[in-house]
1. For LEU297, are the conditions met, namely being open to solvent by 60 Å² or more (accessible area, probe 1.4 Å), at pLDDT 95 or above and under 17 Å from THR165 (Cα atoms)?
2. Test VAL218 against the criterion of being assigned to a helix (DSSP H, G or I) and either among the acidic types (Asp, Glu) or under 30 Å from LEU135 (Cβ atoms) (or both), and give yes or no.
3. For the list (1) assigned to a helix (DSSP H, G or I); (2) open to solvent by 40 Å² or more (accessible area, probe 1.4 Å); (3) in contact with a Leu (Cβ under 9 Å, 6 or more places away or on another chain), I need the number of the one condition that GLY119 fails.
4. Among the residues in the stretch 302-309, are any open to solvent by 20 Å² or more (accessible area, probe 1.4 Å), part of a helix (DSSP H, G or I) and not aliphatic (A, V, I, L, M)?
5. Out of the stretch 219-240, which residues are open to solvent by 10 Å² or more (accessible area, probe 1.4 Å) and not aromatic (Phe, Trp, Tyr)?
6. Look through the stretch 122-131, keep the residues that are without any contact (Cβ under 8 Å) to a residue 40 or more places away in the chain and exposed (fewer than 13 other Cβ atoms within 10 Å of the Cβ), and return whichever of them is nearest to ALA242 (Cα to Cα).
7. From the list PHE197, PHE184, which residue is assigned to a helix (DSSP H, G or I), touching a helix residue (DSSP H, G or I) at 6+ places or on another chain (Cβ under 7 Å) and among the aromatic types (Phe, Trp, Tyr)?
8. Can you tell me which residues in the stretch 149-164 are in a helix (DSSP H, G or I) and either open to solvent by less than 10 Å² (accessible area, probe 1.4 Å) or acidic (Asp, Glu) (or both)?
Amino acid sequence: MASAESAILAVVAVLAGLLSAALIVVLMPWLKAYALARPNARSSHREPTPQGGGIAVIVATLAAAWLGAFLAGAAGAAASGEFLALTIAVLALAATGAVDDMRPLPVGLRLVLQCAAVGLLLAFIPAEARIIPDLPWWIERAGLLIGGVWFVNLTNFMDGIDWMTVAETVPIVGAIILLGILGFMPALPLAVAVALFGAVIGFAPFNKPVARLFLGDVGSLPIGLLLAWLLFHVAASGHLAAAILLPLYYLADSALTLLRRARAREPIWQAHRSHFYQRATDGGFSVNAIVLRVFLLNLALGALAVITVVRPHGSVFVATLGVGAALVGMLLASFERGRNA
């Protein structure tokens with residue numbers, strides 16, 4: 001990557017971070033007055049805390065990403081329709097989350113709105129962008145619709161303690177940025193990844209345990225879509241193993257928790273606090289200890305993902321996926337046992 005392109009990416013990241021932090025400072029009085037999250041039986045916090053920091057993260061991400069796309073020479077891709085559809089879908093999910101933060105929406109309506117946002121984005125992704133070309137196009141697109149909605153929700157489900165979304169998002173997009181710098185990612189997803197990285201870093205100091213501000217559904221839902229879109233482009237670029245490894249902790253914790261709740265005949269659509277990381281807090285782990293372990297695990301998964309891209313061999317895929325699964329399994333087992341076990 002040329003030095004000029006690297007400088008542009010650095011400007012985009014710094015701009016996104018500063019804009020995110022500045023918007024939070026401006027919005028904080030309003031959020032304290034109208035968007036307080038009050039503790040309940042499922043909460044991990046004990047004091048009323050403003051939520052809605054995701055407004056700043058999403059605005060900063062989109063503004064910086066559009067600027068970065070044009071400065072980095074991806075204007076053609078940005079104007080193709082896919083990026084505009086992504087922007088509209090992200091804003092739609094942010095609006096859905098904002099309403100839900102202040103007045104909970106019915107589950108069915110939330111699901112319909114999420115499906116509409118993901119479906120809109122898929123409609124503008126080029127038909128030649130494929131993950132498994134041997135599958136019929138319509139089967140793959142149906143799977144992407146289900147997977148996209150699932151990823152939007154699991155990102156929301158996992159945003160249950162301070163810094164958790166930071167500990168997940170920063171390593172994922174950091175690895176994608178590295179792949180872009182090495183020439184393995186298109187310019188447009190690279191610009192979005194850099195912008196999201198900067199915006200989340202700008203939010204992080206306010207969400208540091210004990211948090212002064214929560215992300216809220218207004219942030220977790222659209223961040224889930226952005227991550228899903230970025231991971232799609234990783235896979236569509238021929239790097240499916242990397243796209244699986246990067247979010248593997250989130251996928252495992254959310255999927256296993258869902259299966260456990262379904263087996264116990266608990267309503268899986270209702271809010272709860274039975275994720276592995278939430279059970280870890282009940283088992284004696286501090287929030288700092290949990291998010292540090294998740295962050296380090298995600299750094300390791302990011303390194304494994306990069307290895308699969310620079311060494312694209314079947315044996316490497318099997319080995320890295322095996323190591324990644326083992327690392328995730330060990331962390332989940334330790335969370336399940338608790339610190340005092």
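The values are calculated or read from the model by the stated rules, or taken from the named source; none is laboratory data. Small disclaimer: the values here were computed from a predicted structure and weren't measured. Cβ coordinates were reconstructed from backbone atoms using ideal geometry, including for glycine residues, and neighbour counts include every protein chain displayed. For the accessible areas, the whole protein counts, side chains as well, though only heavy atoms, and no ligand, DNA or RNA atoms are used. Shrake-Rupley method; radii C 1.70, N 1.55, O 1.52, S 1.80 Å.
1. Values: open to solvent by 60 Å² or more (accessible area, probe 1.4 Å): no; at pLDDT 95 or above: yes; under 17 Å from THR165 (Cα atoms): yes.
When the stated conditions are applied, LEU297 does not pass them.
2. On the way: assigned to a helix (DSSP H, G or I): yes; either among the acidic types (Asp, Glu) or under 30 Å from LEU135 (Cβ atoms) (or both): no.
Judged against the criteria, VAL218 is not a match.
3. Result: GLY119 fails condition (2) only.
4. Scanning the stretch 302-309, I find no residue that is open to solvent by 20 Å² or more (accessible area, probe 1.4 Å), part of a helix (DSSP H, G or I) and not aliphatic (A, V, I, L, M), so the answer is no.
5. If we filter the stretch 219-240 for residues that are open to solvent by 10 Å² or more (accessible area, probe 1.4 Å), which is where we start, we get 228, 231-233, 236-240.
Residues satisfying the conditions are ALA228, LEU231, HIS233, ALA236, SER237, GLY238, HIS239, LEU240.
6. As a first pass, look at the stretch 122-131 and keep what is without any contact (Cβ under 8 Å) to a residue 40 or more places away in the chain: 122-123, 127-128.
Next cut, exposed (fewer than 13 other Cβ atoms within 10 Å of the Cβ) only: 123, 127-128.
Details: ALA123: 24, ALA127: 22, GLU128: 20 Å.
It comes out as GLU128.
7. Going through PHE197, PHE184 in turn, the sole match is PHE197.
8. Selection gives VAL152, LEU154, THR155, MET158, MET164.
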